[in-house]
Amino acid sequence: MSELILIAASGLAREVLAMVRGSGQYDVVGLLDDDEGMLGTTLDGAPVLGGVDEAARFRNALLLVCLMSGRAREAVVDRLRGVGIGDSQYATAIDPSVNCPEGCSIGRGSILLRNVTMTASVTLGAHVVAMPSVTMMHDTKVADFGTLGAGVSLGGGANIGRAANVEMNASIQALTTVGDYSTIAMGSAVHTNVPTGTAWGGVPAHRLVRYIRRPSSRGN
């Protein structure tokens, strides 16, 4: 059983802990978090071992970034790249209830919680998070660091951009694109393409809520 260290003592980390312990996928060694007040404490029995940069000390363990924000996950992965952490050191955590049919692919660092459904030729990038009961129809694509809230439904051929956030119970129509770093509000129904770096909401989602500033730089 591979050793696993979770990055960020978060609610998502608690859900991943419960999942991997129940399934026996990994042996969770502990967590890393930059909150100095958490050092030496535990989260659901798992010890907080130090700050995020200390991941470089644990070369024999796999890592999983447990932050709900795709932009935050991206920032942590870029930061860890600077201390020598490459793509091969990231785990992938998939609940046993999730079926990955032939022709579907899931990138490293991704987290798929209970009852996520993929039908055919679904492609998930690296560090994607899919919360419980997400449904992804044929030919759906979710780019690196995309986040899908609980109960999200993606129609066939939908494209979710890099670090885009589709909040709980939102629906994306088939062949529709949600741009990089964009957000779809909880419960929205998206019928048209969403531009990069914007937030939309409504049923249908035709109301621009705000513009979202994109990261100024990103590692290669």
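The values are calculated or read from the model by the stated rules, or taken from the named source; none is laboratory data. Note that the structure is predicted; figures quoted are calculated from it, not measured. Ideal geometry is used to build each Cβ from the backbone, glycine not excepted, and the neighbour counts take in all protein chains shown. Calculation scope for accessible area: heavy atoms of the full protein, side chains included, ligands and nucleic acids excluded. Shrake-Rupley method; radii C 1.70, N 1.55, O 1.52, S 1.80 Å.
Among the residues of region 128-169, write down those that are within 22 Å of Leu64 (Cβ to Cβ) and β-branched (Val, Ile, Thr).
If the condition is that a residue be within 22 Å of Leu64 (Cβ to Cβ) and β-branched (Val, Ile, Thr), then Val128, Val129, Val134, Val142, Thr147, Val152, Ile160, Val166 are the ones that fit.
Filter region 156-209 down to residues that are in contact with an Asp or Glu (Cβ under 8 Å, 6 or more places away or on another chain) and in contact (Cβ under 8 Å) with a residue 60 or more places away in the chain and give me whichever is surrounded by the fewest Cβ atoms within 10 Å (Cβ to Cβ).
Ranking the qualifying residues of region 156-209, first place goes to Arg162.
Residues of region 95-127 being under 17 Å from Leu64 (Cα atoms), free of Cβ contacts under 8 Å to residues at least 24 places away in the same chain and open to solvent by less than 50 Å² (accessible area, probe 1.4 Å), which ones?
Ile106, Ser110, Leu112, Leu124 - these are the residues of region 95-127 that are under 17 Å from Leu64 (Cα atoms), free of Cβ contacts under 8 Å to residues at least 24 places away in the same chain and open to solvent by less than 50 Å² (accessible area, probe 1.4 Å).
Would you check which residues across region 75-84 are hydrophobic (A, V, I, L, M, F, W, C) and surrounded by fewer than 20 Cβ atoms within 10 Å (Cβ to Cβ) and list them? Talk me through it step by step, then tell me what you get.
Let us first name the residues in region 75-84 that are hydrophobic (A, V, I, L, M, F, W, C), namely 75-77, 80, 83.
Ala75, Val83, listed by residue number.
Would you confirm, using the coordinates I've provided, whether Gly30 is over 18 Å from Ser110 (Cα atoms), open to solvent by less than 30 Å² (accessible area, probe 1.4 Å) and modelled with pLDDT of 95 or more? Show your work before the answer.
Details: over 18 Å from Ser110 (Cα atoms): yes; open to solvent by less than 30 Å² (accessible area, probe 1.4 Å): yes; modelled with pLDDT of 95 or more: yes.
Yes: the conditions hold for Gly30.
Filter region 135-155 down to the residues that are over 15 Å from the mean Cα position of the chain (by Cα) and open to solvent by less than 10 Å² (accessible area, probe 1.4 Å), then identify the one that is nearest to Ser188 (Cα to Cα).
Applying the filter and picking the extreme gives Leu154.
Among all residue pairs at least 6 apart or on different chains, which show Cβ distances below 8 Å where the first residue, located in region 1-27, is touching a residue at least 60 places away in the same chain (Cβ under 8 Å) and among the aromatic types (Phe, Trp, Tyr) and the second is part of a strand (DSSP E or B) and surrounded by 22 or more Cβ atoms within 10 Å (Cβ to Cβ)?
Tyr26/Leu4; Tyr26/Ala93
In region 62-74, what residues are among the small types (Gly, Ala, Ser) and either surrounded by 19 or more Cβ atoms within 10 Å (Cβ to Cβ) or assigned to a strand (DSSP E or B) (or both)?
Going through region 62-74, the residues among the small types (Gly, Ala, Ser) turn out to be 69-70, 72.
Gly70 - this is the single residue of region 62-74 that is among the small types (Gly, Ala, Ser) and either surrounded by 19 or more Cβ atoms within 10 Å (Cβ to Cβ) or assigned to a strand (DSSP E or B) (or both).
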